[in-house]
Amino acid sequence: MKGSVIALDHYKGRMAAAHIVDGRLEDLLIEPPEQVTLPGAIFRAICDRPLKGQGGMMLRLPDGETGFLRQGKGLKPGQSILVQVTGFAEDGKAVPVTQKLLFKSRFAIVTPDAPGINVSRAIRDDEERVRLLDIAHEVMDGADEGLILRSIAATGADDEIADDIAQMLELSRTVRADAKGQVPELLLDGADPHHQAWREWATPDQLDDGEGSFDRHGVVDLISETRSVRVPLPGGAFAYVEPTHALVAVDVNTGGDSSPAAGLKANIATAQALPRALRCRGLGGQIIIDFAPSPKKDRRQIEQALRAAFRADGIETSLVGWTTLGNFELQRKRERMSLRACLEGLK
């Protein structure tokens, strides 16, 4: 099927959302197990103990959970602070948090700790930027909080954008009013897959949120393909994307193509497909790519393809560079639980 579809349904009893473009799974969100803390959640946390030499602080969260704040300078044990979860905790590790709160909606992000009004650089039309700034200044008049208007705001009507900003502003003030207290407490839960899809994905050609939407659009089969470590590429090439405890290993193969340019073609195809493959599988952390053999002179072209592909991806990724062995290293933020861990134990 041509065009874009967003399907909202349940997968193996868990809330899920799928973004399909031209019959291909472009993004996938599946609700993690109940006991997992969602990124974006805001807690009143209690400082527990500093980590000497690291500058961090261990925190007490509700239900006996532990949080880790990387920048803990000036904090004292017993002090209550507001923190927001930045990613999923690895097995046996504390929940990563930050004191820089973001109240994010579809069109706007309220930033209590960063004053000023900004418009996404992706919006380049001057008239559109002026329109959005006028709306923002009217709603934020006299506010101490900061605001970021997201790129999708360019598609919104004036009243929709104004309402979105006002709601996030009110939410930020309500949450921050609960900062004081000696008991850890969840003040704002993270977004579930359906809310996250509404917030993060562009308006599709078709939205199907009725029961059975995954069956109607073949999402179950697409998820089964995504659970495989093998990623097919154009021209018969393929790559293996395999998570280990330490890193994600990517191995590129040319398949049956034995032409002189086979390695370069497979490597560029991998660079273009890799953000989607990682995104749909929920993979992050250290990523090592073992590209197919190709001359050193091709490295710049491969790196350019990687940069272009990840520039369009919504998850923060740093391209570290080439190793002595000729592999390429990436560092990707762990914003999602891996698909394997999310579905572990489900039939």
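The values are calculated or read from the model by the stated rules, or taken from the named source; none is laboratory data. None of the values given here were measured: they were computed from a predicted structure. With ideal geometry, Cβ positions are generated from the backbone for all residues, glycine too; neighbour counts draw on all protein chains shown. The area values use the complete protein model at the heavy-atom level, side chains included, leaving out ligands, DNA and RNA. Shrake-Rupley method; radii C 1.70, N 1.55, O 1.52, S 1.80 Å.
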>> Which condition from (1) surrounded by 14 or more Cβ atoms within 10 Å (Cβ to Cβ); (2) farther than 30 Å from GLU200 by Cα; (3) not aliphatic (A, V, I, L, M) is the one that GLY256 breaks?
In response: (1)
>> Residues that are basic (Lys, Arg) and farther than 22 Å from LEU222 by Cβ, at least 2 per element: which strands (runs of 3 or more DSSP E) completely within region 1-118 meet that?
In response: 42-51
> Could you count how many residues in region 277-298 are touching a helix residue (DSSP H, G or I) at 6+ places or on another chain (Cβ under 6 Å), within 23 Å of VAL219 (Cβ to Cβ) and part of a loop (DSSP other than H, G, I, E, B)?
Replying inline: 1
> Got a sec? Which of LEU38, LEU61, LEU51, LEU75 is in contact with a strand residue (DSSP E or B) (Cβ under 8 Å, 6 or more places away or on another chain), buried (at least 21 other Cβ atoms within 10 Å of the Cβ) and under 30 Å from ALA179 (Cα atoms)?
Replying inline: LEU61
> When the residues of region 264-291 are filtered to those that are of a type in the set (Gly, Ala, Ser) and buried (at least 21 other Cβ atoms within 10 Å of the Cβ), which remaining residue is farthest from ARG340 (Cα to Cα)?
Replying inline: ALA266
> What is the number of the single condition among (1) closer than 23 Å to GLY23 by Cα; (2) open to solvent by 50 Å² or more (accessible area, probe 1.4 Å); (3) in a loop (DSSP other than H, G, I, E, B); (4) in contact with a strand residue (DSSP E or B) (Cβ under 8 Å, 6 or more places away or on another chain) that TYR240 does not meet?
Replying inline: (3)
>> Which numbered condition in (1) touching a residue at least 60 places away in the same chain (Cβ under 8 Å); (2) touching a helix residue (DSSP H, G or I) at 6+ places or on another chain (Cβ under 9 Å) is the only one that GLU225 fails?
In response: (2)
